[in-house]
1. Using beta carbons and a limit of 6 Å, which pairs, at least six apart or on different chains, have the first residue in the stretch 186-204 and under 15 Å from T102 (Cβ atoms) and free of Cβ contacts under 8 Å to residues at least 12 places away in the same chain and the second one outside any helix (DSSP H, G or I) and not aliphatic (A, V, I, L, M)?
2. Restricting the search to the stretch 205-235, which residues are among the hydrophobic types (A, V, I, L, M, F, W, C), open to solvent by less than 70 Å² (accessible area, probe 1.4 Å) and assigned to a loop (DSSP other than H, G, I, E, B)?
3. Any residue at all in the stretch 43-65 that's open to solvent by less than 20 Å² (accessible area, probe 1.4 Å), farther than 26 Å from Q231 by Cα and of a type in the set (S, T, N, Q)?
Amino acid sequence: MKHIFSSGALPEVVALADELHPNFKTLAAFAEMERLLIIDNIINPRNVGAILHVSEAFGIEGVLIITEQKTEKGSPADLLLSRHSQNSSLGAIFRIPTLVSTKEEILAFANAAKFNCIALDQASPLTLDVVPPDAVALIDSLDAKVHKKKKTVSKGKKKTKKISKSKSEKAEEAPKVHVSHKIAVVIGNESTGVSKELTAAAVANISIPTRVPALNVSVSAGILFNHLFGQRDAA
């Protein structure tokens, strides 16, 4: 009991409840969603709960959690079972399907299910104030740029010897923009941000211009969600 309840005062009544979201035990169960959130190594349960609360407000249908670091109580599952995350989510933790998985599995799933990943990256020169105020418009604009670039390259081709690309050149190529309009927003913790693997897989890495070094991650999530989804939801 003392291990479960860290506040000091033990309750007089304890109840057992069903496990969270039993129908979402695998990544495949999230494949038909159109708005996903990927949480990358945010280990503060209060922040995770607040992010889930904001996610529910902007129609995020599912949340995938990557945890490679120890949480406050050691296990990744504690992020969702902690009373701190449950309180700060205002109940959203019981309504939005969540799943803890590895970075590699989530990356493979997002690509196979044709999700366009948009990462919140404060190091990115692409700032929110120049990004179209709608996720679908953003994806369409990125797709148009890719097609325009391919067309320009095709017109400029000459009969020259084919030169194979080096590994570094291939690595620098932009990720494929899926026409599905399925969006997976990626956010990382306030200290290290989103991992390099996830930023490399994103079709767009966006920063939020501020007058302070960093915002709370749940506040940043709300600002990004409002920009990407708020206008479409209000229409």
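The values are calculated or read from the model by the stated rules, or taken from the named source; none is laboratory data. Given the structure is predicted, the values throughout are model-derived calculations rather than measurements. A quick note on method: Cβ atoms are made from the backbone with ideal geometry, for glycine too, and the neighbour counts reach across all protein chains shown. Surface areas here come from the heavy atoms of the whole protein model, side chains and all, with no ligands, DNA or RNA. Shrake-Rupley method; radii C 1.70, N 1.55, O 1.52, S 1.80 Å.
1. none
2. I208, A214, L215 - these are the residues of the stretch 205-235 that are among the hydrophobic types (A, V, I, L, M, F, W, C), open to solvent by less than 70 Å² (accessible area, probe 1.4 Å) and assigned to a loop (DSSP other than H, G, I, E, B).
3. Checked against the condition, which is being open to solvent by less than 20 Å² (accessible area, probe 1.4 Å), farther than 26 Å from Q231 by Cα and of a type in the set (S, T, N, Q), the stretch 43-65 yields no hits at all.
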